[in-house]
Amino acid sequence: MTDLEKIELDKGKLLPVMEHFYTIQGEGAFTGKAAYFIRLGGCDVGCHWCDVKESWDPNLHPLMETEKIAEIAASHCKTIVLTGGEPLMWNLNLLTEKLKNLGCTIHIETSGAYKMSGILDWITLSPKKAGLPKPEVYEKANELKVIVFNNNDFKFATEQAEKVNDSCKLYLQSEWSKRSEMYPKITDFVMQNPKWQVSVQTHKYLNIP
């Protein structure tokens, strides 16, 4: 990366884009809705069960001009999902401003481990034990999605739910490889704690990105 590219990256004029694609949102509150996903490279939280480990190193992904990726995304759909990796590692101000000017609604999927940036309409907080969310993200989260890999994650979910705002939706979602083991337990937990809902990765069952 050149010095100029680093400056442009810090300003948010360039971003490391791993992939971008038009698809159907498969998880959480907007399951089934058409959306354009922009997956940014870079994440240092390091979940061992992460299904996009190739996103972790931002240097592996091309830097794209913010205005260009915004225009491509908005030409397909007005619901945009920023994901990663960890998208809040980067300055999202220019990207989200451009998307807003193009009439878009902007969702983000984040661990919350970095400070907020950008204009965001819907914040899906998926906290990780290795890098807990910033207080401001807990306060602003619209949706808490806790990934359940083992029985200890139910306690973690309960602790995280105490930190978000009262209007935040609460979801439990099994880690994909553990789904046959964990979804029966998630079902029991939600029935005993009905403020929670079950989230399923429907896009994987439908074989779409």
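The values are calculated or read from the model by the stated rules, or taken from the named source; none is laboratory data. Since the structure is predicted, the reported quantities are computational estimates derived from the model, not experimental observations. Methodologically, a virtual Cβ is constructed for each residue, glycine included, from the backbone with ideal geometry; neighbour enumeration extends over all protein chains shown.
Overview of results
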read-out: Some residue of region 64-73 being within 13 Å of Leu14 (Cα to Cα) and among the small types (Gly, Ala, Ser); value: yes
read-out: Some residue of region 10-21 being aromatic (Phe, Trp, Tyr), surrounded by fewer than 18 Cβ atoms within 10 Å (Cβ to Cβ) and modelled with pLDDT of 95 or more; value: yes
read-out: Residue ID - farthest from Glu27 (Cα to Cα), chosen from residues in region 187-203 that are in a strand (DSSP E or B) and of a type outside the set (A, V, I, L, M); value: Trp196
read-out: When residues of region 56-85 are limited to those that are in contact with a Cys (Cβ under 6 Å, 6 or more places away or on another chain) and modelled with pLDDT under 95, the one nearest to Thr31 (Cα to Cα); value: Gly84
read-out: Count of region 155-186 residues which are farther than 30 Å from Phe21 by Cβ and either in a strand (DSSP E or B) or in contact with a strand residue (DSSP E or B) (Cβ under 7 Å, 6 or more places away or on another chain) (or both); value: 2
read-out: Which numbered condition Gly118 misses (of (1) under 15 Å from the mean Cα position of the chain (by Cα); (2) farther than 17 Å from Gly12 by Cβ; (3) surrounded by fewer than 23 Cβ atoms within 10 Å (Cβ to Cβ)); value: (2)
read-out: Region 123-154, residues that are acidic (Asp, Glu), in a strand (DSSP E or B) and surrounded by fewer than 22 Cβ atoms within 10 Å (Cβ to Cβ); value: none
read-out: Yes/no for Lys155 being under 27 Å from Met89 (Cα atoms) and of a type in the set (Lys, Arg); value: no
read-out: Residue count, region 187-205 (criterion: under 21 Å from the mean Cα position of the chain (by Cα) and surrounded by 11 or more Cβ atoms within 10 Å (Cβ to Cβ)); value: 9
read-out: Contacts under 9 angstrom Cβ, first residue in region 59-81 being part of a helix (DSSP H, G or I), partner among the hydroxyl-bearing types (Ser, Thr, Tyr), 6 or more apart; value: Ala70/Thr96; Ile72/Tyr36; Ala73/Tyr22; Ala73/Tyr36; Ala74/Tyr36; Ser75/Tyr36; His76/Tyr22; His76/Tyr36
read-out: So Tyr36, is it more than 21 Å from Gly118 (Cα to Cα), touching a Cys at 6+ places or on another chain (Cβ under 9 Å) and not aliphatic (A, V, I, L, M); value: no
read-out: Considering residues of region 169-184 that are of a type in the set (A, V, I, L, M, F, W, C) and touching a helix residue (DSSP H, G or I) at 6+ places or on another chain (Cβ under 8 Å) only, the residue surrounded by the most Cβ atoms within 10 Å (Cβ to Cβ); value: Leu172
